[in-house]
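Here the structure is laid out as structure tokens; the discussion comes afterwards.
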Amino acid sequence: MTLNDLKIGQSGIITAVEGEGPLRLRLLDMGLIPNTRVRVQKVAPMGDPIQIQIRGYELTLRREDAQRILLKGGEEA
């Protein structure tokens, strides 16, 4: 399951960040690291981007980037 698969209000725990190079490092620098809980807050009207809550702050990601974040969970928070 990926972060892109979660619906509004669902949460999961990051297991891995796929990819390599600058994009992967940027995602890790934003706090998207393994064993961190994330929750989907909002989705834009056209479906992209999505807003998540992680480590006490809100972050907006493109769906393309959210597909690189592997999760376990998917329960309502």
Give me the accessible area of LEU23, 1.4 Å probe, in Å² rounded to the nearest 10.
40 Å²
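From the helices alone, meaning DSSP H stretches of at least four residues, give me the mean residue ellipticity at 222 nm for the chain, per-run term -39500 (n - 2.57), in deg cm²/dmol to the nearest 500. Please report the intermediate quantities before stating the final value.
Numbers: 2 runs with 12 residues, N = 77.
Mean residue ellipticity, 222 nm, calculated: -3500 deg cm²/dmol.
Which whole-number percent is the relative contact order of the chain (Cα, under 8 Å, 6+ apart)?
Working: 152 pairs, mean separation 34.0, N = 77.
Relative CO of the chain lands at 44 percent.
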Net charge near ILE50: determine it from the other residues with C-beta under 12 Å of the C-beta of ILE50, scoring Lys and Arg +1 and Asp and Glu -1.
0
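Identify the trypsin sites (Lys or Arg not before Pro) of the chain meeting these criteria: DSSP loop state and at most 13 other C-beta atoms within 10 Å of the C-beta.
Details: sites: LYS7, ARG24, ARG26, ARG37, ARG39, LYS42, ARG55, ARG62, ARG63, ARG68, LYS72; in loops: LYS7, ARG55, ARG62, ARG68.
Of the trypsin sites (Lys or Arg not before Pro), the ones in loops of the chain whose Cβ has at most 13 other Cβ atoms within 10 Å are LYS7, ARG55, ARG62.
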Which option, (i) 1.14; (ii) 0.97; (iii) 1.94, is the value of Cα Rg over 2.2 N^0.38 Å that was calculated from these coordinates?
(ii)
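The values are calculated or read from the model by the stated rules, or taken from the named source; none is laboratory data. Computed from a predicted model, the values in this text were never measured in an experiment. Reconstructed Cβ throughout: ideal geometry from the backbone, glycine too, with neighbour counts over all protein chains shown. We work out accessible area using only protein heavy atoms, side chains counted, and drop any ligands, DNA or RNA first. Shrake-Rupley method; radii C 1.70, N 1.55, O 1.52, S 1.80 Å.
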